[in-house]
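The values are calculated or read from the model by the stated rules, or taken from the named source; none is laboratory data. Everything quoted here is computed from the prediction, not taken from an experiment. In this analysis, Cβ positions are derived from the backbone assuming ideal geometry, glycine residues included, and neighbour counts consider all displayed protein chains. Just so you know, the surface numbers come from the protein's heavy atoms only, side chains and all, with ligands and any DNA or RNA stripped out. Shrake-Rupley method; radii C 1.70, N 1.55, O 1.52, S 1.80 Å.
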Amino acid sequence: MKRSDLHLNYALVEEIVVTFLRNEIRKFGFDSAVLGLSGGIDSAVVCELAARALGPENVHAVLMPYRTSSSESLDHARLMVEKTGVTSEVCDISGVVDAFFRGSEDASRLRRGNVMARARMLYLYDISARDGRLVIGTSNKTELLLGYGTLFGDMASAVNPIGDLYKTQLWGLADFLGIPEELVTKAPSADLWEGQSDEEDLGFTYAGVDQLLYMMLERRMGREEIVGEGIDGEFYDHVRRMVVRNQYKRMMPVIAKLSSRTPGIDFRYARDWQEMV
């Protein structure tokens with residue numbers, strides 16, 4: 001498979017996503033949105049699209065560094081604020097996270113990363129309540145499939161405009177939208193600590209895993225056929241296990257069925273359903 005197979009008509013993608021954001025946010029009576037702006041490519045793309053959809057005056061970006069975060073990330077986030085003209089504020093999460101782990105200074109990086117992600121979402125939802133804004137998500141398709149995110153943390157949102165775009169496609173869209181080169185070319189990072197790298201954490205590159213995921217999902221190819229295309233069998237098995245194991249992160253909580261009509265099982269209506277029956 002050629003890498004170009006992954007790429008899309010990005011002018012059409014922009015049109016679809018801008019319309020999606022405008023419709024989904026406004027049909028519930030909101031006219032503004034809030035998002036976390038990390039200095040990375042995903043939130044930069046979402047910020048740009050939201051500004052185009054709602055107008056920059058109706059988009060509020062929140063910069064949420066931790067004391068060990070890279071100063072470059074804050075600089076890049078401010079670069080996007082300047083480019084798009086959205087409103088912004090800085091909420092340093094260090095005090096909240098450090099207070100949480102007081103007495104547990106030996107907590108693992110996994111625990112600390114989860115709490116950082118949830119602290120950031122805590123700020124976003126509080127600002128949502130303060131200002132009457134809807135929270136926009138910034139998790140891409142690759143992360144959602146692999147479970148590379150924190151449930152009720154960076155994966156939480158009211159609407160997600162990029163959840164059906166692989167990371168490779170996000171880079172293509174970013175280039176089309178004119179996102180500053182500094183953000184496009186730097187190594188992807190959740191910015192949990194200085195020097196942290198997504199691809200080092202995962203143990204493989206986004207380019208490689210996107211090719212595999214595209215074969216598995218979009219082309220619906222089986223293991224034998226994928227390996228025949230030159231993909232390593234152990235890599236396939238590892239990624240497939242990640243996708244299957246993390247299905248729970250992509251679903252609403254499972255409810256034990258005790259009645260004739262159970263929410264999410266046989267009492268299911270569209271998000272914008274307005275009438276009781």
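Flag: Phe235 matches the condition of being modelled with pLDDT of 90 or more, in contact with a helix residue (DSSP H, G or I) (Cβ under 9 Å, 6 or more places away or on another chain) and of a type in the set (Phe, Trp, Tyr). Return yes or no: is Gly137 within 16 Å of the chain's Cα centre (by Cα), under 21 Å from Leu122 (Cα atoms) and either among the hydroxyl-bearing types (Ser, Thr, Tyr) or modelled with pLDDT under 95 (or both)? For Gly137, the condition - within 16 Å of the chain's Cα centre (by Cα), under 21 Å from Leu122 (Cα atoms) and either among the hydroxyl-bearing types (Ser, Thr, Tyr) or modelled with pLDDT under 95 (or both) - is not met. Taking the range 1-40 as the search range and keeping residues that are in a helix (DSSP H, G or I), at pLDDT 95 or above and farther than 18 Å from Val159 by Cα, which one is most open to solvent (accessible area, probe 1.4 Å)? The qualifying residue most open to solvent (accessible area, probe 1.4 Å) is Leu12. For the range 120-155, a residue qualifies if it is more than 25 Å from Met242 (Cα to Cα), of a type outside the set (D, E, K, R) and in a helix (DSSP H, G or I), and the qualifying residues are Leu122, Tyr123, Leu124, Tyr125, Ile127, Ser128, Ala129.
Filtering the range 139-157 to residues that are of a type outside the set (Ser, Thr, Tyr) and either open to solvent by 30 Å² or more (accessible area, probe 1.4 Å) or in contact with a strand residue (DSSP E or B) (Cβ under 7 Å, 6 or more places away or on another chain) (or both) leaves Leu144, Leu151, Phe152, Asp154, Met155.
Residue-level check: of (1) at pLDDT below 95; (2) closer than 25 Å to Val97 by Cβ, Val184 misses just (2). Scan the range 130-138 and tell me whether some residue there is open to solvent by 20 Å² or more (accessible area, probe 1.4 Å), touching a Ser or Thr at 6+ places or on another chain (Cβ under 9 Å) and among the β-branched types (Val, Ile, Thr). Checked the range 130-138: at least one residue is open to solvent by 20 Å² or more (accessible area, probe 1.4 Å), touching a Ser or Thr at 6+ places or on another chain (Cβ under 9 Å) and among the β-branched types (Val, Ile, Thr).
Scanning for something open to solvent by 20 Å² or more (accessible area, probe 1.4 Å) and free of Cβ contacts under 8 Å to residues at least 12 places away in the same chain, does the range 47-70 turn up at least one residue? No, every residue in the range 47-70 fails to be open to solvent by 20 Å² or more (accessible area, probe 1.4 Å) and free of Cβ contacts under 8 Å to residues at least 12 places away in the same chain. Scanning the range 5-46 for residues that are without any contact (Cβ under 8 Å) to a residue 60 or more places away in the chain and touching a strand residue (DSSP E or B) at 6+ places or on another chain (Cβ under 6 Å) returns a single hit, Leu37. All conditions in (1) at pLDDT below 85; (2) more than 30 Å from Ala77 (Cα to Cα); (3) not aliphatic (A, V, I, L, M) hold for Lys257, with the sole exception of (1).
The number of residues in the range 71-105 that are surrounded by 15 or more Cβ atoms within 10 Å (Cβ to Cβ), small (Gly, Ala, Ser) and in a helix (DSSP H, G or I) comes to 3.
Which of (1) part of a helix (DSSP H, G or I); (2) surrounded by fewer than 22 Cβ atoms within 10 Å (Cβ to Cβ); (3) among the charged types (D, E, K, R) does Asp164 not meet, given it meets every other one? Result: Asp164 passes all but (1).
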